[in-house]
Amino acid sequence: MRELTLEELVVIMRENMGDEYTAPHGTELLDMEFTALGYDSLALLEMLAHVKRKYGIAVSDDEVEGIQTPRVFLEKINAAAGN
Amino acid sequence: MAEVALLFPGQGAQQRGMATGLYGWAPVFTKVIDSVFGLMGTEGKRIRADWLGICSLIDIDDVRRAQPLLFAVDYALARMVLSWGVTPVALLGHSAGELVAATLAGVFTLEEAVRVLLGRVRAAANGPEGGMLAVAAGADDLLRYLTGDVAVAAVNGPRQTMLAGTTEHLRSVDERLRADDFTVRAVPARNPFHSPAMGPVGREAKRAVEKIPLRAPESLIYSGYTGFPLGAAEARDPEFWSRQLTDPVYFGPALDRLLARRELSLIEAGPGQTLTTFARRHRALRSGRSESIPLSPVHPDHEADRQALLAVADRFGASENLAATPIPVSEAAFVNGR
């Protein structure tokens, strides 16, 4: 299965925020904390549900506490996609 | 630096061991929180011992620990910020956090606020069992799912809503929401706060408020219960305070109005970063016009508690207020107090 890209994650993050949110681009965004960007665990759960619906990749809700940055989000998704 | 407004988290924000890294380390915080525990009498000693992990009599999510400890931590953190010479232009508390705002604004003295708080806790401890859910949806989208005694408990943002109800009713709503693909998260609470099921608890809690000479606020408070600045008549009405157990919290609308007026540095005075994260979803923060600064880490930990505080204190040129060496804390005092 192909990997979820940072660009695709940014689209998901914008949809979650509900408007034209301009996230910092590229590698800068990768290591920013989700809490600093306004994404709490409820928002992360919703984004995981979105990924599951759209890409068919499922990450357990229990993993949410460990997802602190977009980099980790992508790692978890892509690890799950590889299985 | 922009003008400062203080945010106070309430029910649901409690965490085991929250801010304990500051106890015996940050002098003003320590002194103030001890005075709050002191006003809580014999129970205050047990609350402190549970908080510090010296014993584990009652779990943190129980109303008998969650509410007194949230009040104590929020209030002590706020007093510490004030001791840095910061003069907030406005105060906004979520749920039980509004009692902290009202105390700082002089509606209650600290001693009176503790009486109101303990009155609420006593009433709620005998109240209905239930819980709260956070749902990633607008309040309007959830109305058709509300059955039994389940009600909208808090509007935290356009797509962040909390529901509350008694156990069985809430479970049924939870199941239907999940079946329809809503994202739902349980909030740590054992009572259905901010729902009509708490009606008898509110009436019971009112008795403690009625005995207090309520005063008009001396500082600007944005009320989470109206979404507007708190007026003198509301502040003096015992009903207004007792209804806080049953009425929904409109934190999102209150935050909107607070941020519409001016550029602000919001400081979240309490455990975790719940309100900061809500605020960071707001346009005023995403555009960089305003900001929100948490005093606590996302997850409590002694070193993280101190680093989070040092980072903020430094910005206000206040690091000298923090003790270089720990203040000795006598554990014997807690043990003997039991």
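The values are calculated or read from the model by the stated rules, or taken from the named source; none is laboratory data. Please read all numbers here as calculations on a predicted model, not as lab measurements. Because the Cβ atoms are built from the backbone with ideal geometry, glycine has one as well, and the counts that use them run over all protein chains shown.
Here is how the numbers come out for the structure above:
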| read-out | value |
| --- | --- |
| Flag for B:Gly38 being modelled with pLDDT of 95 or more and surrounded by fewer than 17 Cβ atoms within 10 Å (Cβ to Cβ) | yes |
| Residues of the stretch A:21-37 satisfying the condition of being away from chain B (no Cβ under 14 Å) and either surrounded by 15 or more Cβ atoms within 10 Å (Cβ to Cβ) or modelled with pLDDT under 70 (or both) | A:His25, A:Leu30 |
| Among (1) at pLDDT 90 or above; (2) away from chain A (no Cβ under 14 Å); (3) surrounded by fewer than 21 Cβ atoms within 10 Å (Cβ to Cβ) - the single one B:Leu322 does not satisfy | (1) |
| Unique match (being of a type outside the set (Phe, Trp, Tyr) and in contact with a Phe, Trp or Tyr (Cβ under 8 Å, 6 or more places away or on another chain)) among B:Leu264, B:Leu230, B:Leu285 | B:Leu230 |
| Count of residues meeting criterion [under 17 Å from A:Met17 (Cα atoms), part of a loop (DSSP other than H, G, I, E, B) and of a type in the set (S, T, N, Q)] in the stretch B:124-158 | 0 |
| Unique residue being under 26 Å from A:Leu42 (Cα atoms), part of a loop (DSSP other than H, G, I, E, B), among the small types (Gly, Ala, Ser) and within 14 Å of chain A (Cβ to nearest Cβ) when the list is B:Gly227, B:Gly272 | B:Gly272 |
| Residue that is surrounded by the fewest Cβ atoms within 10 Å (Cβ to Cβ), among those in the stretch B:289-316 that are within 11 Å of another protein chain (Cβ to nearest Cβ) and not β-branched (Val, Ile, Thr) | B:His299 |
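Each row is one residue, and each column tells you yes or no for (1) within 14 Å of chain A (Cβ to nearest Cβ); (2) under 30 Å from B:Arg283 (Cβ atoms); (3) under 19 Å from the mean Cα position of the chain (by Cα).
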{"residue": "B:Phe108", "(1), (2), (3)": "no, no, yes"}
{"residue": "B:Glu112", "(1), (2), (3)": "no, no, yes"}
{"residue": "B:Leu133", "(1), (2), (3)": "yes, yes, yes"}
{"residue": "B:Leu142", "(1), (2), (3)": "yes, yes, no"}
